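K.L.:
My questions will all concern the structure given below.
The values are calculated or read from the model by the stated rules, or taken from the named source; none is laboratory data. Computed from a prediction, not measured in an experiment: that's the story for all the values here. As a convention, Cβ positions derive from the backbone with ideal geometry for all residues, glycine included, and neighbour counts pool all protein chains shown.
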Amino acid sequence: MVPFFKIEHLEKRFGGLAAVNNVSMTIGEGEIVGLIGPNGAGKTTLFNVITGVYAPKRGKVLLKGQDIAGLKPERICAMGIGRTFQIVKPFSSLTVLDNVLVAAYRRTASRQEATDAAMDILRFLALDEKSATLAAHLTLAQKKRLEMARALATRPIFLLLDETLAGLNHTEIDRMIETVQQVRERRGVTILAVEHVMRAVMKISDRVVVMDEGKKIAEGPPEEVVRKPEVIKAYLGDDYGSA
Amino acid sequence: MTAGSVLPAACAVAAAALFPLVVRDPYFVHAAIMVLLFAYLATSWNILGGLAGQHSFGHSAFFGIGAYVSTILFIYYHVPPLVGMAVGGVVASVISIGIGYPCFKLKGPYFALATLAFTEIFRIVVTSTEQIGGIDLKGAAGILIPLQPGKSLLNFQFSGKTSYYYLILVMLLAILFVYRWMERSRWGLYLAAIRDNEDAARSIGISATRYKMIALAVSAFFGATAGTFYAQLLLYIEPALFSSAFSIEILLIAVVGGAGTLLGPFLGALILTPISELTRTYLGGGYAGVQLIIYGAVLVAVMMFAPQGLIVPLKRGWRLLAERRP
Amino acid sequence: MTGIIEAAVNGILMGGLYGLIAVSLSLIFGVAKIVNFAHGALLMVALFTVYWILELLKVDPYLSALLAGCFLFFFGYYFQRLFIEPILKREKDTAALTVILLTSGLMLIIENSALLLFGADYRTVRTAYTGKVWEVAGLYIMQPRLIGFVLSVVLIRLLEFYLRRTNFGRAIRATSQDREAARLMGIDDYRVYKVTFGIGTVILGFAAAFLTPFYFIHPAVGDLFVGKSFVIVVLGGLGSITGAFLGGLIVGLIESVGAQFINSAMVESLIFIVFIACLVIRPMGLLGKERE
């Protein structure tokens with residue numbers, strides 16, 4: 001049986017520094033996996049390698065058995081991997097609807113179909129009332145939802161979420177957690193999520209992977225992983241003042 | 001186009017169509033032709049610079065290619081300039097792909113510098129080439145285009161300036177339609193996404209390079225046609241058409257008016273081109289730099305106080321005025 | 001063969017001056033991330049400053065650099081303060097492009113004002129060094145070029161010492177590497193930018209003084225250097241002082257040795273081709289490193 005998603009011995013270097021160092025992991029279809037670790041652990045770089053922003057120096061990225069390492073980001077999107085960005089990147093000069101429409105066009109050339117699909121997703125993320133607003137004028141929480149809406153409009157089978165909860169307040173976080181769970185349940189999307197809000201990680205993840213200094217240091221069910229000494233050490237060793 | 005903008009647009013076109021009938025002075029007609037030509041040229045830049053957000057510093061390369069290709073075809077192969085115009089456009093499009101391939105790997109200031117380097121290469125090569133394959137390029141001296149007997153649109157030979165005026169007016173309207181059409185199309189949406197955030201655009205599956213390349217090829221095509229028009233208007237071409245200074249002037253017109261807006265480049269040409277025409281006439285050779293000082297001052301002021309272009313405060317003012325009326 | 005060696009030596013000597021001018025551009029580019037299209041115009045200002053000092057005060061051309069430097073520091077400082085700083089403070093993402101256009105506008109103003117003020121004549125200054133030649137191992141070497149080269153090397157060494165060993169120099173380097181972190185450490189980044197710009201124009205003053213004994217002065221003279229300077233900066237790696245200097249030597253060498261084989265205009269386009277190739281193949285420059 002070919003695993004849904006697998007990375008093998010992945011390595012990416014910047015100058016002499018290994019930002020991602022010999023990382024391997026497997027994700028099953030329909031899983032929600034949390035990716036945690038202190039700042040600078042290499043989580044975002046790992047995302048960037050998976051989504052084709054950087055080509056890895058070594059290793060494989062296998063989606064349903066096919067190696068996609070080193071493909072361009074637009075190709076990887078076409079293979080069915082969607083992503084959001086830690087620092088939101090809306091198309092500021094476009095309306096909320098157009099932000100999602102432009103992504104929906106990747107699946108259909110018909111304006112009507114694409115608009116319907118986009119509106120569907122906007123309703124799902126409770127952004128439909130903002131559809132005519134310029135993306136630049138949204139609040140941070142709304143921009144985070146827009147990131148997700150845009151990624152979903154490409155109809156991914158696998159979604160990478162990069163700190164979707166950072167900067168949100170308590171209520172907004174609860175709402176987003178619910179949304180992430182619905183993305184899996186209603187749309188059958190497999191999810192890998194970088195997250196710092198531990199409460200959310202514990203709640204949504206079936207499994208957690210921990211990274212530190214470019215390496216994977218632990219993996220397992222959330223309750224178990226957070227008790228592991230190497231994980232505690234990685235976190236306590238981190239200087240939160242520099243965050 | 002919304003219902004509210006149809007009337008002003010129709011009035012503007014009518015006024016432009018009537019202009020040479022009211023103003024008979026050939027000097028003013030010539031100045032008006034230059035305004036329209038630069039509006040056309042800056043709009044062609046705007047297809048790449050505005051829609052796709054790629055601020056090219058090398059647009060004069062395409063202008064020069066258009067001017068030289070149609071001229072050479074005309075002099076050596078007797079190809080009518082109207083046909084030469086289309087050929088020049090296609091040649092520029094093809095060459096633009098070769099320029100875009102390396103340049104689109106670069107971003108922001110590096111893209112600007114690389115495109116600038118390209119047009120400088122063209123200028124230097126044309127300046128120092130006297131002859132190529134039996135064709136006299138005449139290097140730095142430039143080429144004089146002989147007059148053909150008889151009037152015809154095909155040959156760009158008209159009895160007066162007025163015909164050139166109407167030709168460039170039609171060309172300008174055409175390119176504005178193309179711009180608006182591209183902006184509203186699926187492509188336009190892709191280009192806007194690339195302009196706003198290329199990483200995000202690629203992450204949703206838009207091949208940034210491919211769509212930038214399309215915008216560049218279209219932009220180059222129209223830029224080259226402007227070159228042919230210019231050559232046939234002045235009946236003289238020179239390597240300076242390829243210069244980076246000229247590139248900057250094109251971009252300056254678009255940016256001062258408002259890059260990425262339909263009428264910004266036209267507004268820019270309306271403000272800046274008369275300055276150069278006026279200073280040329282009234283100040284003569286000894287004050288050749290005055291026009292450029294004014295250009296520079298306008299550019300500095302716009303960048304410091306209205307970096308989105310003058311069309312933005314103008315639109316705001318218009319809206320305020322409209323709201324005040326009952 | 002001697003001809004080629006002689007061309008190579010003279011190319012390297014001239015390349016030292018290209019390097020010095022590019023170091024100035026690279027410093028401003030590297031620290032403040034400002035793409036200064038007015039760099040050539042500033043060089044022209046520096047050349048005219050030196051020219052008038054020499055005409056009016058009749059001092060030694062190399063000493064004139066010190067006088068010119070005092071004026072040029074403030075010229076650069078306020079150039080940054082009045083025009084570029086407001087844009088950097090207002091815009092975050094789009095500032096780079098706005099600054100390019102702004103400096104293009106300033107270039108037009110400065111160059112054409114000089115044209116109005118001083119006319120389009122090519123001016124030269126006869127100094128004690130002009131036209132002097134040394135014969136070394138059978139090669140003829142122009143004296144002012146050699147002096148200019150040696151002094152350029154000394155000046156670049158001094159600049160590196162300043163950046164490494166003084167407090168403000170360290171502040172400049174910190175700002176260049178990570179502006180946010182530098183700010184957190186209490187460094188006033190905008191002040192660093194202004195001083196860096198001032199230092200950059202002072203370096204241009206020295207370059208102008210080194211050029212004057214054997215070069216001409218003209219309102220558009222900067223255009224001859226600005227393109228090459230950008231080529232050199234990219235070749236050497238952004239913000240790298242040593243890289244910029246080496247880049248200068250390479251360009252000087254290509255230019256003068258190339259001119260032995262093909263015409264000089266074609267050499268110029270060859271330099272631009274090298275530039276584009278370098279941008280595409282190795283955007284971090286010869287000595288730069290890939291960064292996240």
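K.L.:
Are any residues in the stretch B:101-128 in a helix (DSSP H, G or I), surrounded by fewer than 21 Cβ atoms within 10 Å (Cβ to Cβ) and more than 7 Å from chain C (Cβ to nearest Cβ), and if so, which ones?
P.N.:
Answer for the stretch B:101-128, where residues must be in a helix (DSSP H, G or I), surrounded by fewer than 21 Cβ atoms within 10 Å (Cβ to Cβ) and more than 7 Å from chain C (Cβ to nearest Cβ): just B:TYR101.
K.L.:
Quick check on the stretch C:210-217. Is at least one of its residues more than 19 Å from the chain's Cα centre (by Cα) and not in a helix (DSSP H, G or I)? Break it down stepwise before answering.
P.N.:
Here is the first cut: in the stretch C:210-217, the residues more than 19 Å from the chain's Cα centre (by Cα) are none.
The answer is no, given that none of the residues of the stretch C:210-217 is more than 19 Å from the chain's Cα centre (by Cα) and not in a helix (DSSP H, G or I).
K.L.:
Next up: Out of B:ALA200, B:ALA231, report the one residue that is assigned to a helix (DSSP H, G or I), within 10 Å of chain A (Cβ to nearest Cβ) and either without any contact (Cβ under 8 Å) to a residue 40 or more places away in the chain or touching a helix residue (DSSP H, G or I) at 6+ places or on another chain (Cβ under 8 Å) (or both). Give the derivation first.
P.N.:
Working: B:ALA231 fails: within 10 Å of chain A (Cβ to nearest Cβ).
Answer to the selection: B:ALA200.
K.L.:
Across the stretch B:156-188, what is the number of residues that are touching a residue at least 60 places away in the same chain (Cβ under 8 Å) and under 22 Å from the mean Cα position of the chain (by Cα)? Before you say what the answer is, go through the steps one by one.
P.N.:
So in the stretch B:156-188, the residues touching a residue at least 60 places away in the same chain (Cβ under 8 Å) come out as B:156, B:160-162, B:164-169, B:171-173, B:175-176, B:178-180, B:182-183, B:188.
Filter once more, keeping what is under 22 Å from the mean Cα position of the chain (by Cα): B:156, B:161-162, B:164-169, B:171-173, B:175-176, B:178-180, B:182-183, B:188.
The qualifying residues number 20.
K.L.:
Of the residues A:GLU178, A:GLU163, A:GLU230, A:GLU185, which is over 23 Å from A:ARG83 (Cα atoms) and among the acidic types (Asp, Glu)?
P.N.:
Values: A:GLU178 fails: over 23 Å from A:ARG83 (Cα atoms); A:GLU163 fails: over 23 Å from A:ARG83 (Cα atoms); A:GLU185 fails: over 23 Å from A:ARG83 (Cα atoms).
After applying the criteria, what remains is A:GLU230.
K.L.:
Taking the residues in the stretch A:97-122 that are small (Gly, Ala, Ser) and assigned to a helix (DSSP H, G or I) as candidates, determine which candidate is farthest from the other protein chains (Cβ to nearest Cβ).
P.N.:
Selected residue: A:ALA117.
K.L.:
The conditions are (1) within 12 Å of another protein chain (Cβ to nearest Cβ); (2) free of Cβ contacts under 8 Å to residues at least 24 places away in the same chain, and A:ASP174 fails exactly one of them. Which is it?
P.N.:
With (1) within 12 Å of another protein chain (Cβ to nearest Cβ); (2) free of Cβ contacts under 8 Å to residues at least 24 places away in the same chain applied to A:ASP174, the lone miss is (1).
K.L.:
Further question: I'm told A:LEU134 meets every condition in (1) of a type outside the set (D, E, K, R); (2) surrounded by fewer than 15 Cβ atoms within 10 Å (Cβ to Cβ); (3) more than 9 Å from chain B (Cβ to nearest Cβ) except one. Can you identify the failing condition by its number?
P.N.:
For A:LEU134, the exception is condition (2).
K.L.:
Go over the candidates C:VAL234, C:VAL202 one by one and state the one that is within 14 Å of another protein chain (Cβ to nearest Cβ) and crowded, with 21+ Cβ neighbours inside 10 Å. Talk me through it step by step, then tell me what you get.
P.N.:
Values: C:VAL202 fails: within 14 Å of another protein chain (Cβ to nearest Cβ).
Sole residue among the options that is within 14 Å of another protein chain (Cβ to nearest Cβ) and crowded, with 21+ Cβ neighbours inside 10 Å: C:VAL234.
K.L.:
Among the candidates C:ALA96, C:ALA114, C:ALA38, C:ALA68, which residue alone is away from chain B (no Cβ under 14 Å) and either surrounded by 16 or more Cβ atoms within 10 Å (Cβ to Cβ) or within 19 Å of C:THR196 (Cβ to Cβ) (or both)?
P.N.:
Numbers: C:ALA96 fails: away from chain B (no Cβ under 14 Å); C:ALA114 fails: away from chain B (no Cβ under 14 Å); C:ALA38 fails: away from chain B (no Cβ under 14 Å).
Matching residue, one of C:ALA96, C:ALA114, C:ALA38, C:ALA68: C:ALA68.
K.L.:
Go through the stretch B:275-320 and count every residue that is modelled with pLDDT of 85 or more and under 27 Å from C:ILE100 (Cβ atoms).
P.N.:
24
K.L.:
Which of the residues spanning the stretch B:254-265 are more than 12 Å from chain C (Cβ to nearest Cβ) and either buried (at least 24 other Cβ atoms within 10 Å of the Cβ) or touching a His at 6+ places or on another chain (Cβ under 6 Å) (or both)? If you could, list the steps in order and put the result at the bottom.
P.N.:
Filtering the stretch B:254-265 for residues more than 12 Å from chain C (Cβ to nearest Cβ) gives B:257-258, B:261-265.
Across the stretch B:254-265, the qualifying residues are B:GLY257, B:GLY258, B:GLY264, B:PRO265.
K.L.:
Follow-up question, since we're still on this one. Which of the residues that make up the stretch B:140-152 are in contact with a strand residue (DSSP E or B) (Cβ under 9 Å, 6 or more places away or on another chain) and either surrounded by fewer than 16 Cβ atoms within 10 Å (Cβ to Cβ) or assigned to a loop (DSSP other than H, G, I, E, B) (or both)?
P.N.:
Step one: list which residues in the stretch B:140-152 are in contact with a strand residue (DSSP E or B) (Cβ under 9 Å, 6 or more places away or on another chain), which gives B:142-145, B:147-151.
Of everything in the stretch B:140-152, those that are in contact with a strand residue (DSSP E or B) (Cβ under 9 Å, 6 or more places away or on another chain) and either surrounded by fewer than 16 Cβ atoms within 10 Å (Cβ to Cβ) or assigned to a loop (DSSP other than H, G, I, E, B) (or both) turn out to be B:GLY142, B:LEU144, B:ILE145, B:LEU147, B:GLN148, B:PRO149, B:GLY150, B:LYS151.
K.L.:
Same structure again: Condition (residue is farther than 21 Å from C:PHE75 by Cβ and part of a helix (DSSP H, G or I)) applied to the stretch C:197-208: is it met by at least one residue? Steps first, please.
P.N.:
Taking the stretch C:197-208 as the starting set, the residues that turn out to be farther than 21 Å from C:PHE75 by Cβ are none.
No, because not a single residue in the stretch C:197-208 is farther than 21 Å from C:PHE75 by Cβ and part of a helix (DSSP H, G or I).
K.L.:
Just to be sure before I move on: is C:LEU108 buried (at least 22 other Cβ atoms within 10 Å of the Cβ), free of Cβ contacts under 8 Å to residues at least 60 places away in the same chain, over 15 Å from the mean Cα position of the chain (by Cα) and within 12 Å of another protein chain (Cβ to nearest Cβ) in the structure I sent?
P.N.:
On the way: buried (at least 22 other Cβ atoms within 10 Å of the Cβ): yes; free of Cβ contacts under 8 Å to residues at least 60 places away in the same chain: yes; over 15 Å from the mean Cα position of the chain (by Cα): yes; within 12 Å of another protein chain (Cβ to nearest Cβ): yes.
So C:LEU108 passes the test.
K.L.:
Quick one: which of C:SER229, C:SER269 is within 14 Å of chain B (Cβ to nearest Cβ), within 25 Å of C:VAL99 (Cα to Cα) and assigned to a helix (DSSP H, G or I)?
P.N.:
C:SER229
K.L.:
Let me ask you something else. Take the conditions assigned to a helix (DSSP H, G or I), within 14 Å of chain B (Cβ to nearest Cβ) and within 30 Å of C:ARG170 (Cβ to Cβ) and apply them to C:VAL280. Does it pass?
P.N.:
Numbers: assigned to a helix (DSSP H, G or I): yes; within 14 Å of chain B (Cβ to nearest Cβ): yes; within 30 Å of C:ARG170 (Cβ to Cβ): no.
No: the conditions fail for C:VAL280.
K.L.:
Still on this structure: Determine which single condition C:THR242 fails, assuming it passes every other condition in (1) touching a residue at least 12 places away in the same chain (Cβ under 8 Å); (2) within 14 Å of chain B (Cβ to nearest Cβ).
P.N.:
(2)
K.L.:
A follow-up question, please. Of all residues being under 27 Å from A:ILE232 (Cα atoms) and in contact with a Pro (Cβ under 6 Å, 6 or more places away or on another chain) in the stretch A:24-61, which is farthest from the other protein chains (Cβ to nearest Cβ)? Just the residue, please.
P.N.:
Per the stated criteria, the residue is A:THR26.
K.L.:
Whether any residue in the stretch B:206-224 is within 18 Å of A:VAL96 (Cα to Cα) and within 14 Å of another protein chain (Cβ to nearest Cβ) is what I want to check. Steps first, answer last, please.
P.N.:
Of all residues in the stretch B:206-224, those within 18 Å of A:VAL96 (Cα to Cα) come to B:206.
Subset that is within 14 Å of another protein chain (Cβ to nearest Cβ): B:206.
Yes: the stretch B:206-224 contains one or more residues that are within 18 Å of A:VAL96 (Cα to Cα) and within 14 Å of another protein chain (Cβ to nearest Cβ).
K.L.:
Looking at this structure, is B:PHE246 under 14 Å from the mean Cα position of the chain (by Cα), surrounded by fewer than 20 Cβ atoms within 10 Å (Cβ to Cβ) and touching a residue at least 60 places away in the same chain (Cβ under 8 Å)?
P.N.:
Values: under 14 Å from the mean Cα position of the chain (by Cα): yes; surrounded by fewer than 20 Cβ atoms within 10 Å (Cβ to Cβ): yes; touching a residue at least 60 places away in the same chain (Cβ under 8 Å): yes.
So B:PHE246 fits the description; yes.
K.L.:
In the stretch C:148-163, is there at least one residue being more than 23 Å from C:GLY248 (Cα to Cα), out of contact with any Phe, Trp or Tyr (no Cβ under 8 Å at 6 or more places or on another chain) and exposed (fewer than 15 other Cβ atoms within 10 Å of the Cβ)?
P.N.:
We begin by selecting, within the stretch C:148-163, every residue more than 23 Å from C:GLY248 (Cα to Cα); these are none.
Taking every residue of the stretch C:148-163 in turn, none turns out to be more than 23 Å from C:GLY248 (Cα to Cα), out of contact with any Phe, Trp or Tyr (no Cβ under 8 Å at 6 or more places or on another chain) and exposed (fewer than 15 other Cβ atoms within 10 Å of the Cβ).
K.L.:
Restricting the stretch A:142-166 to residues that are away from chain B (no Cβ under 14 Å) and within 16 Å of the chain's Cα centre (by Cα), which is farthest from A:LEU46 (Cα to Cα)?
P.N.:
Within the stretch A:142-166, the subset away from chain B (no Cβ under 14 Å) is A:142, A:145, A:163-166.
Applying the additional criterion that residues be within 16 Å of the chain's Cα centre (by Cα) yields A:145, A:163-166.
Working: A:ARG145: 22, A:GLU163: 14, A:THR164: 16, A:LEU165: 19, A:ALA166: 18 Å.
The residue in question is A:ARG145.
K.L.:
Considering every residue within the stretch B:85-100, establish whether at least one is in contact (Cβ under 8 Å) with a residue 12 or more places away in the chain, assigned to a helix (DSSP H, G or I), within 12 Å of another protein chain (Cβ to nearest Cβ) and over 28 Å from A:SER92 (Cβ atoms).
P.N.:
There is at least one residue in the stretch B:85-100 that is in contact (Cβ under 8 Å) with a residue 12 or more places away in the chain, assigned to a helix (DSSP H, G or I), within 12 Å of another protein chain (Cβ to nearest Cβ) and over 28 Å from A:SER92 (Cβ atoms).
K.L.:
Of the residues in the stretch B:173-202, how many are modelled with pLDDT of 95 or more and of a type in the set (Ser, Thr, Tyr)?
P.N.:
2
K.L.:
What residue, of C:GLY227, C:GLY186, C:GLY222, is at pLDDT below 90, within 13 Å of the chain's Cα centre (by Cα) and surrounded by fewer than 22 Cβ atoms within 10 Å (Cβ to Cβ)? Quick ask: steps written out before the conclusion?
P.N.:
Numbers: C:GLY186 fails: within 13 Å of the chain's Cα centre (by Cα); C:GLY222 fails: surrounded by fewer than 22 Cβ atoms within 10 Å (Cβ to Cβ).
Sole residue among the options that is at pLDDT below 90, within 13 Å of the chain's Cα centre (by Cα) and surrounded by fewer than 22 Cβ atoms within 10 Å (Cβ to Cβ): C:GLY227.
K.L.:
Can you find a residue that is surrounded by fewer than 21 Cβ atoms within 10 Å (Cβ to Cβ) and at the interface with chain C (Cβ under 10 Å from one of its Cβ atoms) anywhere in the stretch B:307-325? Can you show your working first?
P.N.:
Looking only at the stretch B:307-325, we keep the residues that are surrounded by fewer than 21 Cβ atoms within 10 Å (Cβ to Cβ), and these are B:307-308, B:312-325.
Subset that is at the interface with chain C (Cβ under 10 Å from one of its Cβ atoms): B:307-308.
Yes.
K.L.:
Something else about it: So in the stretch A:63-85, with the set limited to residues that are assigned to a strand (DSSP E or B) and buried (at least 19 other Cβ atoms within 10 Å of the Cβ), which one is farthest from the other protein chains (Cβ to nearest Cβ)? Steps first, please.
P.N.:
Of the residues in the stretch A:63-85, the ones assigned to a strand (DSSP E or B) are A:63, A:66-67, A:81-83.
From the residues that got through so far, the ones that are buried (at least 19 other Cβ atoms within 10 Å of the Cβ) too are A:63, A:81-83.
On the way: A:LEU63: 15, A:ILE81: 9, A:GLY82: 7, A:ARG83: 5 Å.
So, considering only residues that are assigned to a strand (DSSP E or B) and buried (at least 19 other Cβ atoms within 10 Å of the Cβ), the one farthest from the other protein chains (Cβ to nearest Cβ) is A:LEU63.
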